[in-house]
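Structure, as structure tokens:
The values are calculated or read from the model by the stated rules, or taken from the named source; none is laboratory data. In this text, all values refer to a predicted model and were calculated from it rather than measured experimentally. Methodologically, a virtual Cβ is constructed for each residue, glycine included, from the backbone with ideal geometry; neighbour enumeration extends over all protein chains shown. Note: areas computed on protein heavy atoms with side chains; ligands, DNA, RNA excluded. Shrake-Rupley method; radii C 1.70, N 1.55, O 1.52, S 1.80 Å.
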Amino acid sequence: MDFEIKTLDLSAAGAEKADALLVLVPEGFQPGTARARSPLAQLLADAVAARAIDPAKPGKALSCWRPEGVAAARVLLSPVGQGQARRVQQAVAAAVTSLRGTGVKRLVVWLPPATGQGEANGADGGLALRAAMAAVRDASYVYTATKPKAEPRELQRVVLGVPDAQALREDFRAAYATGLGVELARSLGDLPPNVATPTHLAQEARKLAKPGAIRCQVLGPREVEKLGMGAFIGVARGSREPLRFIVLQYQGAPAAQAPVVLVGKGITFDSGGISIKPAAEMDEMKFDMSGAASVLGTFRALAELKPRLNVVGLVPACENLPDGQAMKPGDVLTSMSGQTIEVLNTDAEGRLILCDALTYAKRFKPRAVIDIATLTGACVVALGAVRSGLFASDEALAGALQVAGEAALDPCWRMPLDDEYGEGLKSNFADMGNVAGRMAGAVTAAKFLQRFVGDMPWAHLDIAGTAWRGGAAKGSTGRPVGLLVRYLLDEAASQTSRPLPARPAKVASRSRALAPRTRGH
Ligand code: BES
Ligand code: MN
Ligand code: ZN
């Protein structure tokens, strides 16, 4: 799908050739003086005067067929209240959904001058534009991978008409690239678990590396064994699918500059293992690789945007299945950090693969490490599907992620990390157990991870509630790619204004991990 941004006033929008034209109408919008009105402006003025639409009441759009003097066959007039980005997003999503199956290939979306004003965000036309572009993609997405008869996406070309295209060029570029990343994450999440195996994720990562700016290295069972990732290996042991440890490196700044490391949980199917889950809705545990998918999606956007920043992506990927060889409750695993872990519940597997990836992250001496994981059902109970759970040991990092979440309409909410929450992790037979009691499960999971981050500035995003939807609209959402891309762009911008201390010289043990490619896999 192509996007284009154009400077268009209402009359130019009416002249734009398209199958459909969506006009967003904010409260108090003046479609020009009666004498100077274009046919489209007149239509709008008449519709408002006749109360066929009420700009103050978002959600009720008016559709017209071949109105006189307008180039598009279909015209949708959609109220957006005070033009807040959320309203824009909802109006565009509703309109694009209503156009599904109507053969509309070319769409013009007209954003009025007032859009984005009247909210805490100020007069941010960029926010409204990004919201509109995300909504077009989201509402026109079609899953086709294993539905050979499904009609592919109809929309081919989308023109965004704005008051001043030049002023919004950067927002347009960011939104376009983010859209590609979200869509990659979403389609990976939607794939069935017999297709989206650890090996498949590694192949997708390799594809990202092709264009050049990104390096990809894939480790298999032997290398991971050598690294001593006993916790990760413990989880993978119950599966016939070989594990993969994916290392992506995007270099957009001098090599001496410390990178941001993203770590994504890549459980391609979570049955619970020996502590097996109930059968109902177990299929949904194919989404347990959404953290990994969000890392790949973010790299897709990086490849497009090329910000001046270094980013490393780490993805431990495997299945969690019961088997004669599977880890059992009571087993003690030795993690790469040397700390031992008593497995009290094999269904708390995400933290076991992440803890070794976090230990691995230390070799990059990161300026920040962020893990992204569908980690706990408890986080779904706490925050539902609206906000991801944010845990952070570093105030500046927490603040930056919160700001990025709001700006990307992909919000998160800060959760606590008081040491008392970690007390339940003690074990009589190992340095820690992998679960604590029944209370505050999202927090105790984060406290477990924190034992492996040392003094790296660290944040953890629990996306169990936000990465996918259940029920009739079952499917992946592509979150939190929007938040992550926004955070990285903000970081790149702040980095150019404030030089960072150089990263310490390479240590010997790192050179092996950075070797261009490992054979096999
Ligand atoms: N992948 C699940 C968490 C999850 C649950 C994600 C629901 C999405 C929706 C995770 O591996 C898990 O099973 N967590 C357990 C932890 C428990 C055993 C301490 C949970 O949340 O029940
Ligand atoms: Mn689990
Ligand atoms: Zn899981």
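Among the residues of segment 235-242, is any β-branched (Val, Ile, Thr) and either away from ligand 1 (no atom under 16 Å from the Cβ) or outside the structural domain of Lys328 (by TED's automatic domain parsing) (or both)?
As a first pass, look at segment 235-242 and keep what is β-branched (Val, Ile, Thr): 235.
Add one more test, that the residue is either away from ligand 1 (no atom under 16 Å from the Cβ) or outside the structural domain of Lys328 (by TED's automatic domain parsing) (or both), and what stays is none.
Scanning segment 235-242, I find no residue that is β-branched (Val, Ile, Thr) and either away from ligand 1 (no atom under 16 Å from the Cβ) or outside the structural domain of Lys328 (by TED's automatic domain parsing) (or both), so the answer is no.
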Exercise. Could you please tell me which pairs satisfy a Cβ distance under 8 Å, a separation of 6+ or placement on different chains, a first residue in segment 262-284 that is among the aromatic types (Phe, Trp, Tyr), and a second residue that is within 12 Å of ligand 2 (Cβ to nearest atom) and open to solvent by less than 40 Å² (accessible area, probe 1.4 Å)?
Key: Phe269/Asp288; Phe269/Glu319; Phe269/Asn320
Practice problem: Evaluate segment 31-45: report whether one residue or more is closer than 15 Å to Val162 by Cβ and part of a loop (DSSP other than H, G, I, E, B). | Solution: no
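Can you tell me which of Ala167, Ala134, Ala196 is assigned to a loop (DSSP other than H, G, I, E, B) and either farther than 22 Å from Lys17 by Cα or in the same structural domain as Lys105 (by TED's automatic domain parsing) (or both)? Write out each step before concluding.
Numbers: Ala167 fails: assigned to a loop (DSSP other than H, G, I, E, B); Ala134 fails: assigned to a loop (DSSP other than H, G, I, E, B).
Of Ala167, Ala134, Ala196, the one residue that is assigned to a loop (DSSP other than H, G, I, E, B) and either farther than 22 Å from Lys17 by Cα or in the same structural domain as Lys105 (by TED's automatic domain parsing) (or both) is Ala196.
Please state which one of Gly405, Gly399, Gly338 is away from ligand 1 (no atom under 15 Å from the Cβ), small (Gly, Ala, Ser) and in a loop (DSSP other than H, G, I, E, B).
Numbers: Gly405 fails: in a loop (DSSP other than H, G, I, E, B); Gly399 fails: in a loop (DSSP other than H, G, I, E, B).
Of Gly405, Gly399, Gly338, the one residue that is away from ligand 1 (no atom under 15 Å from the Cβ), small (Gly, Ala, Ser) and in a loop (DSSP other than H, G, I, E, B) is Gly338.
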Practice problem: Would you please name the residue that is nearest to ligand 3 (Cβ to nearest atom), looking only at residues in segment 312-369 that are open to solvent by 40 Å² or more (accessible area, probe 1.4 Å), touching a Pro at 6+ places or on another chain (Cβ under 9 Å) and within 14 Å of Met432 (Cα to Cα)? | Solution: Asn345
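Go through segment 249-286 and give me each residue that's under 30 Å from Lys365 (Cα atoms) and in contact with a helix residue (DSSP H, G or I) (Cβ under 6 Å, 6 or more places away or on another chain).
So in segment 249-286, the residues under 30 Å from Lys365 (Cα atoms) come out as 249-268.
Scanning segment 249-286 gives Tyr250, Pro259, Val261, Leu262, Val263, Gly264, Lys265, Gly266, Ile267, Thr268.
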Exercise. Could you look through segment 265-282, keep only residues that are surrounded by fewer than 22 Cβ atoms within 10 Å (Cβ to Cβ) and within 14 Å of ligand 2 (Cβ to nearest atom), and pick out the one that is nearest to Met456 (Cα to Cα)?
Key: Gly272
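Identify, from the list Leu296, Leu262, the residue that is part of a strand (DSSP E or B), more than 12 Å from ligand 2 (Cβ to nearest atom) and either of a type outside the set (S, T, N, Q) or farther than 15 Å from Val182 by Cα (or both).
Working: Leu296 fails: part of a strand (DSSP E or B).
Checking each option against the conditions leaves just Leu262.
Among the hydroxyl-bearing types (Ser, Thr, Tyr) and in a loop (DSSP other than H, G, I, E, B): is that true of Ser290 in this structure? Lay out the reasoning, then the answer.
Details: among the hydroxyl-bearing types (Ser, Thr, Tyr): yes; in a loop (DSSP other than H, G, I, E, B): no.
So Ser290 does not fit the description; no.
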Quiz item: Considering only segment 426-466, how many residues are within 18 Å of Met336 (Cβ to Cβ), within 12 Å of ligand 1 (Cβ to nearest atom) and either in contact with a His (Cβ under 8 Å, 6 or more places away or on another chain) or in a helix (DSSP H, G or I) (or both)?
Solution: 1
